[in-house]
Amino acid sequence: MTPEEIINPANRVYARPRLLTEANTHYCPGCSHGVVHRIVAELLEEMGLENRAVGVAPVGCAVFAYNYIDVDWVEAAHGRAPAVATALSRLNPDNLVFTYQGDGDLAAIGTAETIHAANRGENIAIIFINNAIYGMTGGQMAPTTLLGQKTATTPYGRRADLNGYPLNITDLLAQLRGTCYVTRQAVHTAAAARKTKAAIKKAFENALAGKGTSVVEVVGTCSSGWKMTPAQANDWMAEHMTEHYPLGDLKNE
Amino acid sequence: MPKVIGAVTVDAMRCKGCELCVVACPTHTLALKSNDVNDRGYHYAYAADMATCIGCAACATVCPDACIEVYRVIEK
């Protein structure tokens, strides 16, 4: 068979999800945000939730998420996505409400909102992209930055005596009684991306079933902030990030 | 034994040349255009050796810009 004979819609096994808009994302080449956006769009389409889903966009690199996934969105103030999602899910209990946040948004300025929304057990799904750096503002140190990691504001590496320790907020959230599902995944390989898809699907199902707060942390990369190629960033992530942020389920009730 | 034949197409204008699909491809089907760029200046990915493709969709699963379509035929 020639490639021309194979390439026809009857044989298609993978295509761009319908819920991704035609816009080109503003993300750097190889950014993990693109992969997670695609996974969310695929899931909302497969689960038939495009008319019931409401996303809450963060401040950070994913601030324009509402331009890329064609469902309803609300843009929250920096770090306040779980608080906005609380109101949305309480006023519209039939809707799927999810937040999409980075580590600067969820684990720094939004720590209080995140912890209290999870502690109240709001029926929301929190998708948390942890790339250990403030990507949008130029690669400054984030609370999640690893010890020894070089950033724009820690040019000699993060030091515990000066900058404190990396904050593992997903472990904290797993301690709370309001959360029903807390997991940490990655998207650096095809197998990992499939696992992440299954995890986000479970989080969406929990939110629809009213079981409480689900948190899916995706350990991501920031090739621009880390000053690496996308492939090197994935390798560095697999080698160093997973040491402090081990992948797997932390809580599944 | 049934033979699996695959094919991929890349939306060259949308591709940002991040090379993640090239790394993920188990059969070394994909490569980046080393001497050509798209409208936005990226060395985009293309199927350099389509005959080796098995249609596993690993490339599409890791593509951050969702610019890869995968086709598969099982020949009995």
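The values are calculated or read from the model by the stated rules, or taken from the named source; none is laboratory data. Given the structure is predicted, the values throughout are model-derived calculations rather than measurements. Because the Cβ atoms are built from the backbone with ideal geometry, glycine has one as well, and the counts that use them run over all protein chains shown. Surface accessibility is based on the protein's heavy atoms, side chains included, excluding ligands, DNA and RNA. Shrake-Rupley method; radii C 1.70, N 1.55, O 1.52, S 1.80 Å.
For this structure, a couple of remarks:
- Qualifying residues in the stretch A:223-253 (those that are small (Gly, Ala, Ser) and touching a Ser or Thr at 6+ places or on another chain (Cβ under 9 Å)) - the one nearest to A:Ala132 (Cα to Cα): A:Gly225
- Filter result (closer than 24 Å to A:Asn24 by Cβ and of a type in the set (Val, Ile, Thr)) within the stretch A:44-79: A:Val56, A:Val59, A:Val63, A:Ile69, A:Val71, A:Val74
- Of all the criteria given as (1) at pLDDT 95 or above; (2) in a loop (DSSP other than H, G, I, E, B), the one not satisfied by A:Thr137 is (1).
- Subset of the stretch A:116-147 [closer than 15 Å to A:Leu106 by Cα and open to solvent by 10 Å² or more (accessible area, probe 1.4 Å)]: A:His116, A:Asn119, A:Asn131, A:Tyr134, A:Gly135, A:Met136, A:Met141, A:Pro143
- Whenever a residue of the stretch A:193-213 is on the phi < 0 side of the Ramachandran plot, it has no partner that is surrounded by fewer than 18 Cβ atoms within 10 Å (Cβ to Cβ) and among the hydroxyl-bearing types (Ser, Thr, Tyr) lying with C-beta atoms less than 6 angstrom away and at least six residues away or across chains.
The rows are residues; the columns are (1) more than 10 Å from chain A (Cβ to nearest Cβ); (2) in contact with a Pro (Cβ under 7 Å, 6 or more places away or on another chain).
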{"site": "B:Val8", "(1), (2)": "no, no"}
{"site": "B:Lys16", "(1), (2)": "no, yes"}
{"site": "B:Lys33", "(1), (2)": "yes, no"}
{"site": "B:Tyr46", "(1), (2)": "yes, no"}
{"site": "B:Gly55", "(1), (2)": "no, no"}
{"site": "B:Val73", "(1), (2)": "no, no"}
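- Count of residues meeting criterion [not in a helix (DSSP H, G or I) and not hydroxyl-bearing (Ser, Thr, Tyr)] in the stretch A:182-235: 18
- Failed item, numbered, when B:Pro64 is tested on (1) within 26 Å of A:Gly220 (Cα to Cα); (2) more than 7 Å from chain A (Cβ to nearest Cβ): (2)
- Subset of the stretch A:188-216 (residues that are buried (at least 21 other Cβ atoms within 10 Å of the Cβ) and more than 25 Å from B:Cys18 (Cβ to Cβ)): A:Ala203, A:Phe204, A:Asn206, A:Ala207, A:Thr213, A:Ser214, A:Val215
Yes or no, residue by residue, for (1) crowded, with 22+ Cβ neighbours inside 10 Å; (2) farther than 18 Å from A:Thr213 by Cβ; (3) hydrophobic (A, V, I, L, M, F, W, C):
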| site | (1), (2), (3) |
| --- | --- |
| A:Pro17 | no, yes, no |
| A:Thr21 | no, yes, no |
| A:Gly34 | yes, yes, no |
| A:Met47 | no, yes, yes |
| A:Val56 | yes, no, yes |
| A:Asn67 | no, yes, no |
| A:Trp73 | no, yes, yes |
| A:Arg90 | no, no, no |
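- Residue that is modelled with pLDDT under 95 and open to solvent by 10 Å² or more (accessible area, probe 1.4 Å), where the choices are A:Thr242, A:Thr229: A:Thr242
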